[in-house]
Every structure is written in C-alpha cells, then in structure tokens.
Amino acid sequence: MPSLAQMTGSLHIHQFYIGKLKAKQEQLFDSDPELAMLLDNVAAVLSEHAEVLAGDIADMDCDDSAGSP
C-alpha cells in the first residue's frame, strides 16, 4: 500500500489536473462543445477518484493518530 505522503501527492496531482480540465472546458465551451463535454466527463471521473483517495487518506491519518500516544 502506498504511503500517506504518496497518497497526498497523488491527491494534489488529481486536484491540479481537475482544475486544468475545467479551465480548458470553459475555454472550449463555445467553440467545441463536444470536446468540452468530454473534458467535463474526464474531470468528473478524476473528481470521483480524488474523493475516494481523500477518504483513504483520512482513514490512514486517523489510524496513524490512533496508534500514536
């Protein structure tokens, strides 16, 4: 299983690319709505994965704090 630091880094990367996709989607909305919709779908999938990852990080963080005095 990846370390807490690796998972946190992965979450930040997910959030970075979600922001990039949403910004590009806004740019393309008028000129290429199909591509904009595709980017929105990709951002939605990444967002779902980021939510799961954030939950896993919270669980690991909780486990770490419960095990320390």
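No value in this document is a laboratory result; all are computed from the given coordinates. Everything numeric here is computed off the predicted structure, so don't read it as measured data. Cβ placement follows ideal geometry from the backbone for every residue including glycine, while neighbour counts extend to all protein chains displayed.
At-a-glance table
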| quantity | calculated |
| --- | --- |
| Candidates Lys20, Lys24, filtered to the one that is surrounded by 14 or more Cβ atoms within 10 Å (Cβ to Cβ) and charged (D, E, K, R) | Lys24 |
| Hey, Gln15 of a type outside the set (Lys, Arg) and loosely packed, with under 11 Cβ neighbours inside 10 Å or not | no |
| Selected residue (criterion: nearest to Pro2 (Cα to Cα)) from residues of region 38-69 that are among the acidic types (Asp, Glu), in contact (Cβ under 8 Å) with a residue 12 or more places away in the chain and surrounded by 11 or more Cβ atoms within 10 Å (Cβ to Cβ) | Asp56 |
| Flag for Ala36 being more than 15 Å from the chain's Cα centre (by Cα), small (Gly, Ala, Ser) and not in a loop (DSSP other than H, G, I, E, B) | yes |
| Leu35 vs. criteria in contact with a helix residue (DSSP H, G or I) (Cβ under 7 Å, 6 or more places away or on another chain) and exposed (fewer than 15 other Cβ atoms within 10 Å of the Cβ) | yes |
| Matching residues in region 1-33 - criterion: being among the aliphatic types (A, V, I, L, M), closer than 18 Å to Asp63 by Cβ and either in a helix (DSSP H, G or I) or under 15 Å from the mean Cα position of the chain (by Cα) (or both) | Leu4, Ala5, Met7, Leu11 |
